[in-house]
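Only one structure is covered here, and it is reproduced in the block below.
The values are calculated or read from the model by the stated rules, or taken from the named source; none is laboratory data. None of the values given here were measured: they were computed from a predicted structure. Cβ sites come from the backbone with ideal geometry, for glycine too, and all protein chains shown count toward neighbours.
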Amino acid sequence: MEQTVALDHLYEGCKANNPRAQEMLYRTLASGMLGVCMRYVRTTAEAEDVLQAGFIKVFTQIESFRGEGSFEGWIRRVMINTAIETYRKNGRSVQVVELVEVTDASQEATVIDALACEDLLAMIRLLPDGYRAVFNLYAIEGYSHKEIAELLDISEGASKSQLSRARNWLKERIKQIKAYESR
Amino acid sequence: MNPDDNPFDRHIRDKMKNFTPDVSAGLWDKIEAGLARQTPDRAAMSVRRRTVPVAWRWAAAAALLVGVLSYWASRPVPVIYLQGQAAAPVAETDTQPAGPVSASRPTRPAASGMPGRTPIARATPRKTRSEPIPAVAVPIPEAVTSEPVVKQMSTARPSPVAAPSSPRATPEAGSSGSDTSGVPDVQPPVVLDDTAAEMLASAPRSNPFGVSQLLNFVVGTVDRREEKAVLFSSDSEGSIKIEFNLARNRSRK
């Protein structure tokens, strides 16, 4: 609650193009937003490039925030869109593999609890580009398949199949880690 | 949130929710530089934010103004003499026939580029300008001979209107013999021709901070030539006259 009030105050300052408010906003949210960016790219340097471009967009296009939802959520979406743009600019395309039927494997989520954040992030960053974008958008950010399809310029079916394959890929890696540790 | 929230997804989301890695120290500087490139106003604001306070800037500006005005008031002014060589031997004057002053007086080339005019009032020191020398010949004692005059002229402060070589200046010098004893320490005789005397007498007592002087100073900072392209002068009625020297002494408007 206290941070929300502070962010609202900073929003007013950033809207007035106040450099001090902009720096304060950056200091408040940079670390969390870098964590978001790191899930969409493979290296930390790339993630920081995305973070830099994202904050510049936030400050230069702050007028486009219409107050629908939280200011932090809007900044998060700006970061995600910037990451997707970078992803497209680099010539990467989502590898679309249409699946007739999507079947999830057995639920092995409990294994995840034993993993550190950094290990889990490393696995996500190892996902193929198309899988990683869809999995991040759907599983972590909560986008719908329709939104993902529009954002990545793919069909909804492709989004669903990418998600399923991403899950299976991750579960397979988790199994391998568990098997390695149990030996 | 998606309605079909998968437990696997939820576990990963919860795990990653509080992931806050460290950010590089110099990233904000890059963002600020990027913003400055996109918004010039911000660049100006950023510069302004890191400069000295407003009061100090006003104080510096005032000090600069005082310095410029002090320099203007006490600037070195080139002295232009009516005669080129003040130490001309008087003996020569003895042999010269008596005649008009203007014929025997060596005239200095017009420094201001204005033919027919000698820039007495403009280029002479301020003390001289404030007290114009009357256009009359100063009588000298009969004891004054040629040698002391030469000596005094060579050591004394050059007078802008000194005319030692004029026969009218020392009419008795040649006939008084060579007795140099008891010569009083007086300034050399000053004799002006009619034209110079009129100009000197009519020279306006120019205000060093007058508009024309200021304009001339501005022109002089740009045009370093001896002959300025534009020359401002003001008369006693306060009118400002502008003289153009576009063709360097050839044509004037």
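Please specify each residue of region A:10-38 satisfying the condition of being touching a Lys or Arg at 6+ places or on another chain (Cβ under 8 Å) and modelled with pLDDT under 90.
Keep residues of region A:10-38 that are touching a Lys or Arg at 6+ places or on another chain (Cβ under 8 Å), which gives A:13, A:17, A:19, A:33, A:36, A:38.
Correct list: A:Gly13, A:Asn17, A:Pro19.
Just to be sure, is A:Ala109 among the aliphatic types (A, V, I, L, M), surrounded by 13 or more Cβ atoms within 10 Å (Cβ to Cβ) and at pLDDT 85 or above? No, not satisfied. Restricting region A:20-38 to residues that are within 7 Å of chain B (Cβ to nearest Cβ) and closer than 14 Å to A:Met79 by Cα leaves a set whose member that is surrounded by the fewest Cβ atoms within 10 Å (Cβ to Cβ) is A:Ser31.
Taking the stated definitions as given, is A:Ala47 touching a Pro at 6+ places or on another chain (Cβ under 9 Å) and small (Gly, Ala, Ser)? Spelling it out, A:Ala47 is indeed touching a Pro at 6+ places or on another chain (Cβ under 9 Å) and small (Gly, Ala, Ser). Annotation: of all residues in region A:39-76 being closer than 17 Å to B:Asn18 by Cα and not aliphatic (A, V, I, L, M), the one that is nearest to the other protein chains (Cβ to nearest Cβ) is A:Arg39. Being closer than 27 Å to A:Met79 by Cβ, within 14 Å of chain B (Cβ to nearest Cβ) and either at pLDDT below 85 or over 15 Å from the mean Cα position of the chain (by Cα) (or both), is that true of even one residue in region A:119-140? Yes.
The set of residues from region A:159-180 being over 21 Å from B:Asp5 (Cβ atoms) and either in contact (Cβ under 8 Å) with a residue 24 or more places away in the chain or under 17 Å from the mean Cα position of the chain (by Cα) (or both) comprises A:Arg173, A:Lys175, A:Ile177, A:Lys178.
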